[in-house]
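Report on one structure; see the data block that follows.
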Amino acid sequence: MAAGELFSDDDRRQIDTTIRTAEQLSRFEFSTYVGSVAGDPRSFATQLHNTLVVPQKSLLIMVDPQQRVLEVVTGRKVRERLPDADVLAVVAVMQGEFAEGDLVGGIVRGISKLAEMSRRSLPAS
């Protein structure tokens with residue numbers, strides 16, 4: 001199932017706007033993949049993450065709505081400011097939104113929360 005079948009133009013714009021804001025706030029690159037996953041979900045998400053332009057400064061949120069799978073992969077630089085425990089807390093929030101049928105809201109809130117949490121750990125300029 002392609003993401004285009006799941007999202008309206010407004011949904012895509014909302015996600016894109018949230019990503020741009022998150023990138024400005026956190027100084028990290030955010031990517032999302034919503035669609036079918038081939039094989040092991042974590043391996044699939046990691047492979048996608050490794051194809052990003054700067055994986056060490058990137059976060060990938062992968063969602064397979066059919067299999068009800070959510071993975072978040074963070075690069076090395078991201079993990080310096082955003083520990084796994086924080087990511088897991090955001091994943092739990094996203095899963096709650098998804099369980100209520102709000103795919104777009106879960107993605108948007110997840111991206112926003114991850115950006116906010118990583119921002120708290122920014123060194124003072």
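Can we say S125 is at pLDDT below 95 and in contact with a Lys or Arg (Cβ under 7 Å, 6 or more places away or on another chain)?
Values: at pLDDT below 95: yes; in contact with a Lys or Arg (Cβ under 7 Å, 6 or more places away or on another chain): no.
No, not satisfied.
Take E29 and tell me if it is at pLDDT 95 or above, in contact with a Lys or Arg (Cβ under 8 Å, 6 or more places away or on another chain) and more than 21 Å from R120 (Cα to Cα). So that I can check it myself, show each step before the final result.
Working: at pLDDT 95 or above: yes; in contact with a Lys or Arg (Cβ under 8 Å, 6 or more places away or on another chain): yes; more than 21 Å from R120 (Cα to Cα): no.
Against the criterion (at pLDDT 95 or above, in contact with a Lys or Arg (Cβ under 8 Å, 6 or more places away or on another chain) and more than 21 Å from R120 (Cα to Cα)), E29 does not qualify.
The values are calculated or read from the model by the stated rules, or taken from the named source; none is laboratory data. These figures come from a predicted structure and were not determined experimentally. Cβ atoms come from the backbone with ideal geometry, glycine included; neighbour counts cover every protein chain shown.
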